[in-house]
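Peer 1: One structure, as structure tokens, below. Some questions next.
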Amino acid sequence: MWKPRPFANAAPAAPTLPPGVRIYATGDVHGRDDLLEPLLERIDEDIARHPVERPISVFLGDYIDRGPKSADVVSRLIERCAQGRTICLRGNHELYVPEFLRNPPILRSWGQYGGLSTLLSYGLSPSLSPAPEEEEELAAELDHVLPDSHRRFYETLPLSFSCGDYFFVHAGVRPGAALARQRDEDLLWIRDDFLTCEEPFEKIVVHGHTPVMEPDVRRNRINVDTGAYATGRLTCLRLEGRDVAFL
Ligand SMILES: [Mn+2]
């Protein structure tokens, strides 16, 4: 439970991680496997050059849609998670795959958010504006080709991760609500109410979801979504002790 600091006029202590922990937090990948692969290499090189007891890689969601290689991104992240010390959080885009399998007509909205490129990445051939009958066929095809490991991945992604003075989440948090009492919908979708809030949260919120040209480091939050699918820049924040840096 967060408590106000005892001396109101003392300078607030810089946020910190527990000793021996280093966190690499990566923003929205959106199908850019061409950027993810070299980034994972850079993380591993950094760990090799500067060994630390507990290096943790955190991915902030939105692995699929828009960019061309969504299926490859998910395979690569599943492999990385199997090696340990990697946490993949859920983004709002990861909701679409299981939802589409249950309810094919959502392709009409998913398609507007880059979903057709995800279907293409799984080897399907959607037309530009699929009719209802084609939506059903595409969902059946996806259900057939989707590897079990991918299905599990989409269905079991956690919404947040907390370590030391930091809270990692896809979109952000609802100001005024305790971190432990946030609604899933806010963690996955919130924008303005969170982004315009200048009050401290219980922890520094590290998030993606809303693209910015440069990583945005503020007193209460750090945005690492640099719109990789469009800009070619996939950002990774490196946190250790009180240090805040970028790979
Ligand atoms: Mn998002």
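Peer 1: Using the Karplus equation 6.51 cos²θ - 1.76 cosθ + 1.60 (θ = phi - 60°), what ³J(HN,Hα) coupling, rounded to whole Hz, does each residue of segment 127-133 give in order, writing x for Gly and Pro?
Peer 2: Taking θ as phi minus 60°, the curve returns 7, 5, 10, x, 6, x, 5 Hz for segment 127-133.
Peer 1: Report D for segment 111-150 in µm² per second (integer): Stokes-Einstein, Kirkwood Rh on Cα pairs, 37 °C, 0.692 mPa s. Walk me through the numbers before you get to the answer.
Peer 2: Numbers: Rh = 10.5 Å.
Calculated translational D: 313 µm²/s.
Peer 1: Right, something else. In nm, what is the difference between 0.36 nm times the number of residues separating ASN103 and THR16 and their Cα-Cα distance?
Peer 2: Result for the pair: 27.0 nm of gain on full extension.
Peer 1: With label points built 7 Å along Cα→Cβ from the Cα atoms of ASP243 and GLU198, find their separation and express it in nm.
Peer 2: 3.1
Peer 1: Over the chain, with a Gaussian network built from C-alpha contacts below 10 Å, which listed residue (ALA230, ALA177, ALA13) shows the highest mean-square fluctuation?
Peer 2: Among ALA230, ALA177, ALA13, the largest GNM mean-square fluctuation belongs to ALA13.
Peer 1: Using Cα springs under 10 Å in a Gaussian network model of the chain, which residue among VAL173, VAL224, VAL74 shows the largest mean-square fluctuation?
Peer 2: Maximum among the listed residues: VAL74.
Peer 1: Short version: ³J(HN,Hα) in whole Hz for each residue of segment 188-197, in order, from phi by Karplus 6.51 cos²θ - 1.76 cosθ + 1.60 (θ = phi - 60°), x for Gly and Pro, what are they?
Peer 2: 9, 10, 4, 10, 3, 4, 7, 5, 8, 6
Peer 1: Rounded to the nearest 5, what is the percent of antiparallel bridges among the DSSP beta bridges in the chain? Walk me through the numbers before you get to the answer.
Peer 2: Details: 15 of 30 bridges.
Antiparallel: roughly 50 percent of the beta bridges in the chain.
Peer 1: Distances longer than 24 Å among the Cα atoms of segment 89-229: what percent of all pairs is that?
Peer 2: On the way: 4019 of 9870 pairs.
Tail of the P(r) past 24 Å holds 41 percent of the pairs.
Peer 1: Short version: what are the Cα gyration tensor semi-axes of segment 146-247, square root of 5 times each eigenvalue, largest first, in whole Å? If you can, show how the numbers build up before the last one.
Peer 2: On the way: eigenvalues 93, 70, 42 Å².
Whole-Å semi-axes of the equivalent ellipsoid: 22, 19, 14.
Peer 1: So, one more: Which distance in Å, rounded to a whole number, links the C-alpha centroids of segment 19-62 and segment 113-166?
Peer 2: Taking the Cα centre of segment 113-166 as reference, the centre of segment 19-62 is 24 Å away.
Peer 1: What fraction of the Cα pairs in the chain, stated in percent, has a spacing above 34 angstrom? Could the numbers behind the result be given before it?
Peer 2: Working: 5533 of 30381 pairs.
Looking at the chain, the distances longer than 34 Å represent 18 percent of pairs.
Peer 1: Pull out a ≥ b ≥ c, the square roots of the eigenvalues of the alpha-carbon gyration tensor of segment 155-197, then state rounded if a/c is under 1.5, prolate if not and a/b is larger than b/c, and oblate in the remaining case. It would help to have the intermediate numbers written out before the result.
Peer 2: Values: a/c = 1.72, a/b = 1.23, b/c = 1.40.
Note, shape of segment 155-197 comes out oblate.
Just so you know, all these numbers are worked out from the coordinates, no wet-lab data involved. Quick caveat: nothing in here was measured; it's all calculated off a predicted structure. Cβ coordinates were reconstructed from backbone atoms using ideal geometry, including for glycine residues, and neighbour counts include every protein chain displayed.
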